[in-house]
Structures are given as C-alpha cells and as structure tokens.
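Just below is one structure, and these are the notes that go with it.
The values are calculated or read from the model by the stated rules, or taken from the named source; none is laboratory data. All figures in this text were calculated on a predicted structure; none of them were measured in a lab. Cβ placement follows ideal geometry from the backbone for every residue including glycine, while neighbour counts extend to all protein chains displayed.
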Amino acid sequence: MDINWEIECDFRCEHGKYYQFFVSDEVCKTSKGKVCINVYDCTFYANRLKNRKLHNYVIREIRKNQCGFVGDNPAVCCPEIGSGIEMKMNEEPVDEITLNAKHKNLYLLPTEDCGMTTMQFRVVHGDKASLGEYPWMALIVYAMPDGLEFLCGGTLISKRYILTAAHCVVSNIMGVRLGEYNMLSNQDCDDTKSKCAPAVQDLLIESIHVHSEYSNRTNHNDIALMRLSRDADLSSEYVKPICLPIEDIPDVEGQLLTVVGWGLTETGGRSPVLKKAILPQVSLDKCRKLYEQRDTIVETQLCAGGHKEDSCNGDSGGPLSLMVPLGRFSREVQFGIVSYGLKNCGTEGYPGVYTRVNNYVQWILDTIRP
C-alpha cells in the first residue's frame, strides 16, 4: 500500500470529514520549534520507512507528528533539521514490540512453526470444528468428587507451556490433555473415517504461574501459564502450538475473530466435539457501556460477540484468535483468552470479555524457561 494513501486517509478522512491542511514547499516551523517538511525529505522518517520490520511503527509515528501536506505528500514535524539533535541512523524505537523481539527467552517460543495447520481450507460458516483444525487446543483436567472432569480450556504455546485464564487455575488440577477432538470417542476420525488422529496426550503439570496482579473480583490480569512435566510431542499434525502476537501485528478492532472450545451450548449441555464460533470484535467504549453496572472494562481486556454466539463457561481459558499473514504463510495468532461474560451464555447484545494477550507477551516471555 502506498504510504501517502495510508497517512492521508487517516488524516483527512477521520469521522467522515475531509480536512485540508497544507504547508508550502518551503521549510516551516511548528509551534514546538520542529521543522515541518515533506516526509520524504525528513531523513529521520525516510530511512526508517525502508525497514519493513518497523513499517507499522513508523506509520503510527508519522500520523502522530503530521503537520500538513506538501503537494500530495504528508508533511511531518521533523526533529533533525535545525534542531541540534544528533540522530543515529540505526536507531530503532524502543517499544514493547521491539523489546519482545529481542527478549532472551523468545527462542523458547516456536515462532517459525506456530499457528499452522495441515488443512488446506476452513469451513467459515458452521459451528463444528474439523479434525486437526485447531491443534493447539488443550483441555484442563480437574479432580472432582464424581471423578475427573474437563472444566477449562487453554492453548499450547510451546512444547512445554499452556496458556490459560488465571481463574481456571485451582488446586485440584490433575493435568492437561492435548490432541483431543471428540471426548466420547476412543479414536478421533474425520466424517469419512479416511483420516484418524493418534491417541491423545495426557500430561501432568510441573508448575503453575498466575499473574501477580490477577484479581478474582474484577477479573483483571486473568492470565496464567502452566508448565508441563515433560515436553509435548509435536511430531503429530494434531498437536501444534499457536502463535502469540510477538510482531507488530495490526489491531483486531473491527475484525471477525474465532473462539474455540467444548463449552456449554445454547441448550445448556456440553459439546463432546470441538466447536468454533466467529465473533465480531466490540470496541472497548461500547463494551464499557454495556457492563458499566457490573464491571470495569480496562485496556488489557477486549470484547467480542454479543450476537447469540459466544464463548461459554466450559470454554474459559480458551483462545480468541485470528488468521494473520506472517512471513510467507498465514498463521493463527491468539489475541484473547476467554475470561468471562454474563451468566446466561450468549445473551443477545452482551459480548464476552477476554484477556488481551498483546499486553502480556512481555510477562509470558519473562515467565517461561527452558
């Protein structure tokens, strides 16, 4: 996409209005004493636009510092001409994305092999997931008075770690099951019986890590990691990790996201077969208004659903994800963790509330170990 259009559309078309702000071809000064010139004449930004890894970051910075137009090109408050500031040509913005990309534990996440499935296509409409469609899904096993039960979900993010919700982590956890599809069958096969999955992997938990600021009253920071007692076997196409939003991935606002699980259905029963629902992302402002009498929705959460399709109690801890182009392939990236919603699951007009994974990548990287 042409950079001029990316910036001009954001600047001129805001709220449907057309703004016309121009500067002359001559160098001018802003109220802050910086130089307002053609973006391509500003070495500080022009050089950074050549770095594809920084492209989205630089576009955001240009939008923030735009001061008009020079012809058809955006003009920016350039910090280097006449400012007396010395700029290093290899300088990169030190933001969370950059820190994550340089984190010492990043190698523990399979960034090259995550979020991929052998399926060549997906059924977009329909609530039943296909065999092997979501190989990162995990079931958390609990010891209950009547025996073992699956009450929460999670996602495999590496061969050794499960990502889930903090409210799912209780003292009677027995372990985690990977590679499950139909909980009622001894062997999972597709509808034609021509393709069957290997046996599930039942793994014990070595340690549990709950976010230190988790609040069971507000559900803020509702995130936890479980370290498996041994490595998961990733040689099967039915057990693979999901991607995390490590890179500078566009925001999910306005996107259709996917929630997956075995949770409660609209009839009140639990589905034995893995199900999925396509949910529209709901803005935080709208979500706050809907929940203002019940809860405080914060920036580290996101909302989705509200059209009779939603995540339900049994899906707690499961993923809210989106297929995103990363490198040469499209991969499934997890943006949310199912946190909570109204007691009556899937209530019309009320979206589900999710922990926003983007805000916790640093915490995840700080927590995991070899």
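Going through the stretch 266-305 one residue at a time, which ones are in a helix (DSSP H, G or I) and either aliphatic (A, V, I, L, M) or at positive phi (or both)?
Step one: of the stretch 266-305, the residues in a helix (DSSP H, G or I) are 284-291.
Passing the criteria: Leu284, Leu290.
Please determine whether any residue of the stretch 182-190 is touching a residue at least 12 places away in the same chain (Cβ under 8 Å), polar (S, T, N, Q), outside any strand (DSSP E or B) and within 17 Å of Gln334 (Cβ to Cβ).
no
Quick check, is Leu203 more than 19 Å from Lys128 (Cβ to Cβ) and of a type in the set (A, V, I, L, M, F, W, C)? Write out each step before concluding.
Details: more than 19 Å from Lys128 (Cβ to Cβ): yes; of a type in the set (A, V, I, L, M, F, W, C): yes.
In short, yes.
In the stretch 182-236, how many are surrounded by 17 or more Cβ atoms within 10 Å (Cβ to Cβ), of a type outside the set (A, V, I, L, M) and at pLDDT below 95?
Summing the residues that are surrounded by 17 or more Cβ atoms within 10 Å (Cβ to Cβ), of a type outside the set (A, V, I, L, M) and at pLDDT below 95 in the stretch 182-236 gives 2.
Which members of the stretch 206-221 meet the condition of being touching a residue at least 40 places away in the same chain (Cβ under 8 Å) and not aromatic (Phe, Trp, Tyr)?
From the stretch 206-221, those touching a residue at least 40 places away in the same chain (Cβ under 8 Å) are 209-211, 214, 216, 218-221; that's our starting set.
Hits for the stretch 206-221 are His209, Val210, His211, Asn216, Thr218, Asn219, His220, Asn221.
If we scan the stretch 233-253, do we find a residue that is under 21 Å from the mean Cα position of the chain (by Cα), free of Cβ contacts under 8 Å to residues at least 40 places away in the same chain and farther than 27 Å from Asn105 by Cα?
Of the residues in the stretch 233-253, the ones under 21 Å from the mean Cα position of the chain (by Cα) are 239-253.
Filter again for free of Cβ contacts under 8 Å to residues at least 40 places away in the same chain, leaving 251, 253.
Pick out the ones that are also farther than 27 Å from Asn105 by Cα and you get 253.
Checking the stretch 233-253: at least one residue is under 21 Å from the mean Cα position of the chain (by Cα), free of Cβ contacts under 8 Å to residues at least 40 places away in the same chain and farther than 27 Å from Asn105 by Cα.
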